[in-house]
Amino acid sequence: MQFMMGRNGNDSLNRFLLLADVLLLLIASLTKGAVSRLLTPLALVLIVLTYYRMFSRDVVRRSAENARYLQEKGRVLSSLRILRDRWQQRKDYKFFTCPACKTTLRVPKGRGRVKIVCRKCGNSFQGKT
């Protein structure tokens, strides 16, 4: 414990790097040829990077890296959540994109041709549900 005092330790980015490393090593062991020769050194580089981050004493910089990773992870998970919700609502709603501000608008299906007014910018356009 005393050795790790003042060091970064294991954070979310390190766990992601280790998971990616294990997957790369698994794929490299199941394949042969050029793919295996490419993935094995890449996996070793990831291991070195993970241990470098773990034992680094520059906690401020490592925390900033982890914060950027968590921000990007949140952005990706949010977009995946939106896609999942749209997929679940596809039978009841039709989705349109406002041509002016690119906002996604949801309109109930089965209404025929409708005039759609964007709540964000006030632009109106026609759409078929």
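Throughout, read-outs are computed from the coordinates displayed, never taken from laboratory work. This one's a predicted model, so the numbers in the text were calculated from it and none came from an experiment. Counting neighbours? That spans all protein chains shown, and the Cβs are built from the backbone with ideal geometry, glycine included.
In segment 1-88, a dipole from Cβ-located charges (positive for Lys and Arg, negative for Asp and Glu) runs towards its positive end, and of Gly33, Gln2, Val48 it is Gly33 whose Cα lies farthest in that direction. Put one equal scatterer on each alpha carbon of segment 90-129, apply the Debye formula with no solvent term, and list log10 I(q)/I(0) at q = 0.14 1/Å to two decimals. Results for segment 90-129 at q = 0.14 Å⁻¹ read -0.26. Counted by Cβ distance under 13 Å from Leu46, the other residues give a net charge of +1, where Lys and Arg count +1 and Asp and Glu count -1.
When the alpha carbon coordinates of the chain are projected onto the principal axes, the ranges are 66, 41, 23 Å, largest first. Total lysine pairs in segment 6-123 at Cα distances under 25 Å, for residues eight or more apart or on different chains: 12. 3J(HN,Hα) along segment 112-119, derived from phi through the Karplus expression 6.51 cos²θ - 1.76 cosθ + 1.60 where θ = phi - 60°, amounts to x, 7, 10, 8, 9, 10, 6, 6 Hz, with x in place of Gly and Pro.
Measuring spread by the Cα atoms of segment 1-70 yields a radius of gyration and Dmax of 14.2, 44 Å. Within the chain, the whole DSSP H helices whose Cα atoms reach 18 Å or more along their own axis and whose mean Kyte-Doolittle score is at least 1.6 are 12-30.
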